[in-house]
Amino acid sequence: MATAPHLLTPLPSLSKDVAEWVESVRQLTQAKAVRWCEGSESEVKELTAELVRSGDLLPLNAEHFPGCHLARSHPSDVARVEHLTYICTQSKDDAGPNNNWMAPDEARAKMRSLFSGCMKDRTLYVVPYCMGPIDSPYSRCGVEITDSPYVVLNMAIMTRMGRPALERIAREGTFVKGMHSIGELDPERRFIMHFPETLEIQSYGSGYGGNALLGKKCHALRIASWQARTEGWLAEHMLIVGLQNPQGETHYVACAFPSACGKTNLAMLIPPASLPGWKVFTVGDDIAWLTPGPDGRLWAINPESGYFGVVPGTNPETNRNAYEMIRRDTLFTNVALTEDNQPWWEGLTTGKPVIDWQGRPYDPANGPAAHPNSRFTVSARNNPAYSPHAEDPRGVPISALVFGGRRRELAPLVYEARDWKHGVLVGASVASETTAAATGKVGVVRRDPMAMQPFCGYNFADYWAHWLNVGAKLKNPPRIYHVNWFRRDADGRFLWPGYGENLRVLEWMLRRCAGQASANETAIGNLPRPEDLNVKGLNVSDADLKALLSVDPALWKKEVADIRAYLQGYGSRLPAELLNQLAIVESRLG
Ligand code: SAT
Ligand code: MN
């Protein structure tokens, strides 16, 4: 067994439970070596150098992108595979109609045969990690076993990885067990299995993002959502952002949008010049763990320590912070290259691609140069807007929760739920056009409740009931909103400029929370009138603004019928309160 000789205490001796489990996986996979990851800078350097030598990582132009590398995944392995992702609970109903389900025994047997002997020629890396600040009571730990050093490098950025995590596991005696192998990268031999009842994840056959970085969607959402229900908190697919107004007060907002709908951009928003005095601080860009605090407010931590963000579209105009952030010490996956070895992607206004994401000479006939789901992995500390409270073990107090989707029509720019219960209905009925973040057709509208359709580790009906229970415990609950940055006109033109201008909508929300802004009470919730939004310096016509802030009763009646049919698909486990709330909306529509 290979262990690093310079360690004072060899890591395996820190936790007997972990060591025993690792040994059992070593026997099953017949790994040729075992390497415990410490999470040190020198270890990351060493692994990076190994991957450069093997050709798996390409160093990028050191003058313009110092410390940056490019990884190319297998062309059939570029996104999450929802159809191969399973929740394996004893009872099928606990997984719910929102998940693929397999009986735990059957799933274990299937995975055992896949993992058997799969690391014969490979090193088994042991990656202890902590999701959340290492000293936060809200954080939770796990250990990922993987045969992919690319995964190790990503985990080193995305999580608090290594010795401190293993020390915490030894103290707490509990951890999420994650087994991962890239296998043969064969889509026919690929499964992502979750066993929430025993806090286990088994992932085989993919090296990509959410399939392979088990701390992220598998642990921090699917397993954590299950844990959160038993423990009274919420694990959500939400960014967390701090908004400092010109008076110097900071309020925190958490927003749930489906993958590749602009969460990272909103989390790092740059205020437009026409809104002077505002500052924006990122706490998290993808996942929020929310706990009712002793003060009756909802408190949030970001379990991650880095960003795994969509690259295409990033440029100095759309997101200057992100553009700056990814110019050093960044791991790019599936972007294109320029002649002088700089990364290139669609939406970049400078440079030209010569090599595409698959390493071929760039030919527009082959499609985009960078894969539409190409990603950057970068430490949150690189973010110029990183919040000073992002590492606060108590988290940050949340003033507003925002749901949203990508919808050409129907959903107005913004509306406010009347109260928490109505807000749970608003979240439960989110629908959005699908994106390149998951394999399958792009641009099809589907229900994506709370942006958790691919990530909720249990039956949505129970999840909504849990949301209602959490709200009942909050003396001072956040207000709940729905936004849609993606409204278009009949010709397909976007009505709202998005990006930095979205701050105008957030500003209205915060004024609402402070009791300082008016609204138009409509059947679906409270909407700003055009004069309630700060539109100084905004380049949107009156007609477009009116369209963005209107409710079409005929379309909404149809939507209500759709939502009812969708909710009723959850049968008798569905909390009656959701149908009550829907009936209220329907009666107000007249
Ligand atoms: O691939 S990930 O799940 O990590 C990113 C995303 O789809 O949001
Ligand atoms: Mn996400």
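The values are calculated or read from the model by the stated rules, or taken from the named source; none is laboratory data. Remember, predicted model here, so these are calculated numbers, not experimental data. We place every Cβ from the backbone using ideal geometry, glycine too, and count neighbours over all the protein chains shown.
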- [ ] Could you tell me whether any residue of segment 188-208 is within 16 Å of ligand 1 (Cβ to nearest atom) and either acidic (Asp, Glu) or free of Cβ contacts under 8 Å to residues at least 12 places away in the same chain (or both)?
- [x] no
Open item on the list: Just to be sure I understand, how many residues within segment 434-450 are within 12 Å of ligand 1 (Cβ to nearest atom) and in contact with a helix residue (DSSP H, G or I) (Cβ under 6 Å, 6 or more places away or on another chain)?
Closed with: 1
TODO: Kindly provide the set of residues from segment 260-312 that are without any contact (Cβ under 8 Å) to a residue 12 or more places away in the chain and within 18 Å of Glu324 (Cβ to Cβ), ordered by number.
DONE: none
Task: Set Ile169, Ile223: member being more than 14 Å from ligand 2 (Cβ to nearest atom), in contact with a helix residue (DSSP H, G or I) (Cβ under 7 Å, 6 or more places away or on another chain) and under 20 Å from Asp462 (Cβ atoms) - done: Ile223
- [ ] Give segment 286-337 a look and list any residue that's of a type outside the set (D, E, K, R), in contact with a strand residue (DSSP E or B) (Cβ under 6 Å, 6 or more places away or on another chain) and in a loop (DSSP other than H, G, I, E, B), or say none.
- [x] Gly293, Asn302, Pro303, Ser305, Val311, Ile326, Thr330, Val335
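Let's see how each residue does on (1) within 14 Å of ligand 1 (Cβ to nearest atom); (2) touching a helix residue (DSSP H, G or I) at 6+ places or on another chain (Cβ under 8 Å); (3) of a type outside the set (D, E, K, R); (4) in contact (Cβ under 8 Å) with a residue 40 or more places away in the chain:
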position: His219; (1), (2), (3), (4): yes, no, yes, yes
position: Leu243; (1), (2), (3), (4): no, yes, yes, yes
position: Gly248; (1), (2), (3), (4): no, no, yes, no
position: Pro258; (1), (2), (3), (4): yes, yes, yes, yes
Open item on the list: Consider segment 44-57. How many of its residues are out of contact with any Phe, Trp or Tyr (no Cβ under 8 Å at 6 or more places or on another chain) and touching a residue at least 24 places away in the same chain (Cβ under 8 Å)?
Closed with: 4
Open item on the list: Please count how many residues of segment 555-590 are touching a helix residue (DSSP H, G or I) at 6+ places or on another chain (Cβ under 9 Å), of a type in the set (Gly, Ala, Ser) and either loosely packed, with under 12 Cβ neighbours inside 10 Å or touching a residue at least 40 places away in the same chain (Cβ under 8 Å) (or both).
Closed with: 3
- [ ] Starting from segment 225-239, take each residue that is assigned to a helix (DSSP H, G or I) and list its partners that are basic (Lys, Arg) and away from ligand 2 (no atom under 16 Å from the Cβ), counting only C-beta distances under 8 angstrom and pairs at least six apart or across chains.
- [x] Gln227/Arg140
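Report, by residue number, each residue of segment 259-289 that is away from ligand 2 (no atom under 16 Å from the Cβ) and on the phi < 0 side of the Ramachandran plot.
Answer for segment 259-289, where residues must be away from ligand 2 (no atom under 16 Å from the Cβ) and on the phi < 0 side of the Ramachandran plot: Leu269, Ile270, Pro271, Pro272, Ala273, Ser274, Leu275, Pro276, Trp278, Lys279, Val280, Phe281.
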Task: Residue list for segment 123-142, filter: surrounded by 18 or more Cβ atoms within 10 Å (Cβ to Cβ) and free of Cβ contacts under 8 Å to residues at least 60 places away in the same chain - done: Cys130, Cys141
Task: Residue check for Lys120: free of Cβ contacts under 8 Å to residues at least 12 places away in the same chain, away from ligand 2 (no atom under 16 Å from the Cβ) and among the basic types (Lys, Arg) - done: no
Task: Filter result for the condition that a residue is within 16 Å of ligand 1 (Cβ to nearest atom), under 30 Å from Gly471 (Cβ atoms) and modelled with pLDDT of 95 or more, over Ala380, Ala390 - done: Ala380
Open item on the list: Go through (1) away from ligand 2 (no atom under 16 Å from the Cβ); (2) in a strand (DSSP E or B) for Lys421 and report which single condition fails.
Closed with: (2)
